[in-house]
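Bear in mind that the values in this text are calculations on the coordinates, not laboratory data. Given the structure is predicted, the values throughout are model-derived calculations rather than measurements. Reconstructed Cβ throughout: ideal geometry from the backbone, glycine too, with neighbour counts over all protein chains shown.
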Number of protein chains: 2
Amino acid sequence: MYPDIYGQLITSLATANDKRIVLLVADGLGDCPGPAGVTALQAARKPNLDALAGRGACGLLTPVATGVTPGSGPGHLGLFGYDPLVYQVGRGVLSALGIEFPLTSRDVAARLNFCTVDQAGNVADRRAGRIPDEENRRLLAKIKAALKAPAGLEVFFETEAEHRAVLVLRGEGLDDHIGETDPQKTGVPPLAADREGYAGRTAKMVADIVEQVRRILADEPKANMILARGFAKVPKWPTFAERYKLDPAAVAGYPMYRGVARLVGIPVVSRPTTAADVCAEAAKASRDHTFVFAHFKYTDKMGEDGNHPGKVQRIEELDAALPALLAAKPDVLIVTGDHSTPSVMKSHSWHPVPVLMAGPFFRGGQAPRFDELSCRGGEIGAIPSRELLPLAMAHAGKLEKFGA
Amino acid sequence: MYPDIYGQLITSLATANDKRIVLLVADGLGDCPGPAGVTALQAARKPNLDALAGRGACGLLTPVATGVTPGSGPGHLGLFGYDPLVYQVGRGVLSALGIEFPLTSRDVAARLNFCTVDQAGNVADRRAGRIPDEENRRLLAKIKAALKAPAGLEVFFETEAEHRAVLVLRGEGLDDHIGETDPQKTGVPPLAADREGYAGRTAKMVADIVEQVRRILADEPKANMILARGFAKVPKWPTFAERYKLDPAAVAGYPMYRGVARLVGIPVVSRPTTAADVCAEAAKASRDHTFVFAHFKYTDKMGEDGNHPGKVQRIEELDAALPALLAAKPDVLIVTGDHSTPSVMKSHSWHPVPVLMAGPFFRGGQAPRFDELSCRGGEIGAIPSRELLPLAMAHAGKLEKFGA
């Protein structure tokens, strides 16, 4: 991976003071025009956000790179100033974060699918007919009851949802160089975790576990096998506090976002979900921390559901809740998203994300409203998400001069 | 050379579907204001392009880097998503492409100049008075008739134009570490191809050939010697199809552009030159290919000639021809140039190039006309040319999500 030149520069300039930065993330905030030809941000009545846009600075964030649609992990890492292309997380770790499994540095995590294999042992359905969550839990209980863990190894199986689960191996000296067993197609057998090129001790233990699971599930009609992929260890990254000399806190109601915060060492201090609670808890946390990451999920959820009016409504709720956060008088307040989730696409997208920053030293003007089109003309311009936090630190007086 | 991180990312995310992307390149499209204070794009009556700009997305492309004027090779490689600073082609290969010489992986190509040396053997005129093409051809015939090729080597001499020619060596195990013989000044002798630092077998063979040519041309009054530079082999790059999972086709009437297309493995399916034919052939090709590169030369030609009204007229021709292409309903249509060729400069320039993209998921607005000034406010913003194709792939649903 390429060197993190910008991040290292920011770390070398970072200096502590008591100014407080709040990053309010409305998940999947960016949009494309809906049925009425306007985006959710354009349609929403949001006097507080528009007032902030008018006197602060606006812009557009590119989460990863032009044309690239980010998952939630990379989207947030960018907002935390960690270049998502430098700081890549294995899928297994992201899945474990998503269910808030308390990973340690001794763990290797993988994403599991229950699947169906035919009598010849070939994969017939990679998702085992998308079994319900309860069935997933029943099967994992059956596996746990019968499995003999290889010597020196703790093995965890956790339900994610439907056919999806998480496998975590815990032990000394494990490595994550393990073959993915998912062949990514049907009509062929699962691959061996310890096939040629994957001769390590951990790969052999995984192969043993998979074989045991095959026998344990052999009498199941549907979900009679598992496929594993994305074996990964928790990455060893500089923590948020080390990187920026900030004292951070996370306020987030959904496991995935708490997980990503913890991945960079941001402790979770509160778990609100509604707009009112998110803003109130962020305000509270900002009294004791120089950086608060506050996460609001429902804008993304409405986008994923293709619910344009719902997304408008969630934005209006957030706007209405904002005065509680403003009352705490953060020195620098950022409102943005981790990516766009246009309701016309019902999915994450690559479109740049509107951002606004309120603070003491802005030039102002040119972005009188907080939406996708207005932000294009704003003071911040179009920048990668990873540059946002350093910009906020500059406004908070937390970056020293570079060079004499 | 630095690693192609963005390109590798895009390759890792690329996924095939049947959506069709058409890239229509009006060569040298970008301009500076002419005598009447407006650019050719501003002066042209072009209702179709303006309508596309109004409902699609506009922006400005930087072909290589700020301030850098691209040749046709780098200009097009950027549009194909190959970073021109990573994917550098030797001048010899570009010259061979320019005359559509069918290079193979066993070849080393070089650019030749006929020159004049005085009785002391010093270069007196590096271009031999810019001899006419016929004279060039006569001299090459004379060389070919008399030259004894070194053992195991095939030697090709091909006329480019005036004093310019192409040398191609074909054989097993050739290398391109050969000294340039052009001293780049007069009053000194040509350099030896096998001088210190260039001791390889191929360099010795080139030195032998150059010495033979010196003797063959000794009785010529003007073009009595050759200078060789830019020795290069065909680069081994991932093909366009490998890189993007696209099924590409090129529609181009001029050899250089067919050559650059072939360099990245894009097959040439048609050779139209007029605007009407380019658009009609692009439409036809788009029925069978998920990516069509269509090239229109004359905008550049008018710019090179300093013919501002001519450039306006060529743009109007292209606009009038556009409906034939639109009728084929490409899923994503891009119109742009490989670089700017301002008629006031009579040459390529570094100025960013206007671009428009029409497709399904745009935010729209703010660039109501397709010209250098209006595009500045457009949705795409200012991006490097190499990011254009990935953006089009995103709009065509051809890029998977990055990270979970």
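Points to keep in mind about this one:
- Using θ = phi - 60° and Karplus 6.51 cos²θ - 1.76 cosθ + 1.60, couplings along the range B:14-25 (whole Hz; Gly, Pro as x): 5, 9, 7, 8, 9, 5, 10, 10, 10, 10, 9, 9
- Crossing angle, helix A:201-216 versus chain A [Cα axis fit, 0-90 degrees, rounded to tens]: 70
- Distance between modelled label sites at B:GLU242 and B:GLN88, nm, 7 Å Cα→Cβ extension: 2.1
- Applying both filters, DSSP loop and at most 15 other Cβ atoms within 10 Å, to the GluC sites (Glu not before Pro) of the range A:129-175 gives A:GLU172.
- Cβ-vector label at 7 Å, B:GLU100, separations to other copies in nm: 6.7
- Taking amide H as placed 1.01 Å from N in the peptide plane, the amide H of B:ILE178 sits under 5 Å from none that are at least 5 places away or on another chain.
- Bridgeable aspartates and glutamates around A:LYS19 (alpha carbons under 13 Å apart, same-chain partners fewer than 8 residues away excluded): A:ASP247, A:ASP288, A:ASP331.
- In the protein assembly as shown, the alpha-carbon atoms span a convex hull of 205 Å³ per residue.
- Measuring r between the beta carbons of B:THR66 and A:GLU400 and using R0 = 41 Å, the FRET efficiency lands at 0.90.
- Loop-located trypsin sites (Lys or Arg not before Pro) across the range B:334-404 with a Cβ neighbour count of 14 or fewer within 10 Å are B:LYS346, with loop assigned by DSSP.
- For chain A, the Cys residues with no second cysteine's beta carbon closer than 4.7 Å are A:CYS32, A:CYS115, A:CYS279.
- Computed 3J(HN,Hα) for the range B:156-167, one whole-Hz value per residue from the Karplus formula 6.51 cos²θ - 1.76 cosθ + 1.60 where θ = phi - 60°, is 10, 10, 10, 5, 9, 5, 6, 8, 9, 9, 10, 10, glycine and proline marked x.
- Take B:310-320, B:71-81, A:319-329, B:191-201 and order them by the average number of nearby Cβ atoms within 10 Å per residue, most first; the result is B:71-81, B:310-320, A:319-329, B:191-201.
- Under 5 Å between amide hydrogens, built in the peptide plane, is the criterion, and for B:GLY30 it picks out B:HIS339, B:SER340, B:THR341 among residues at least 5 positions away or on other chains.
- Treating each Cα of chain A as an identical point scatterer and summing with the Debye formula, the log10 of I(q)/I(0) at q = 0.12, 0.13, 0.14 Å⁻¹ comes to -0.95, -1.06, -1.16.
- Averaged over B:4-10, number of beta-carbon atoms from partner chains that fall within 10 Å: 3
- Pseudo-label separations to other copies for A:THR273 - Cα-to-Cβ vector, 7 Å, nm: 6.9
- Positive-end residue of A:ALA165, A:LEU140, A:THR116, charge dipole of the range A:94-233 with Cβ unit charges: A:THR116
- Dipole check for the range A:94-233: with +1 at the C-beta of Lys and Arg, -1 at the C-beta of Asp and Glu, and the Cα centre as origin, the magnitude is about 120 Debye.
- Counting all C-alpha pairs of the range B:12-84, share separated by more than 16 Å (%): 66
- Value of [θ]222 nm, deg cm²/dmol, for chain A, DSSP H segments ≥ 4, -39500 (n - 2.57) each, nearest 500: -9500 deg cm²/dmol
- Computed on the range B:94-233, the Cα convex hull volume stands at 98 Å³ per residue.
- Structure remark: mean-square fluctuation, Gaussian network model of chain A, C-alpha springs under 10 Å; the largest value among A:GLY171, A:GLY378, A:GLY37 belongs to A:GLY37.
- Each other copy places its own label point for B:LYS148 at 8.2 nm from this one, sorted shortest first, where the point lies 7 Å along the Cα-to-beta carbon line.
- Inter-label distance for A:ASP175 and A:LYS148, nm, one decimal - labels placed 7 Å from Cα along Cα-to-Cβ: 2.7
- Cβ neighbours within 10 Å from other chains - mean over A:56-62: 1
- If you plug the beta carbon distance of A:THR15 and A:ALA327 into 1/(1 + (r/R0)^6) with R0 = 35 Å, you get a FRET efficiency near 0.80.
- Ranking A:ALA193, A:ILE216, A:LEU263 by how far each Cα lies toward the positive end of the dipole of the range A:163-292 (charges on Cβ) leaves A:LEU263 at the top.
- Taken one residue at a time, the phi angles of the range A:351-366 give Karplus couplings (6.51, -1.76, 1.60, θ = phi - 60°) of 5, x, 10, x, 9, 10, 10, 10, x, x, 10, 9, 7, x, x, 6 Hz. Gly and Pro are set to x.
- For A:GLU160, the residues 5 or more places off, or on other chains, whose built amide H falls under 5 Å of its own are A:ALA165, A:VAL166.
- Residue exposure proxy: A:HIS348, A:HIS395, ordered by other Cβ atoms within 10 angstrom of their Cβ from fewest to most, comes out as A:HIS395, A:HIS348.
- Tilt relative to chain A, helix A:308-326 - C-alpha long axis, 0 to 90 degrees, to 10: 60
- Separation in nanometres of the label points that stand 7 Å from Cα toward Cβ, at A:TYR6 and B:ILE99: 4.6
- Shielding of B:371-383 by partner chains, average beta-carbon count, 10 Å: 2
- Dipole magnitude for the protein assembly as shown: computed about the Cα centre from +1 point charges on Lys and Arg Cβ and -1 point charges on Asp and Glu Cβ, it is near 280 debye.
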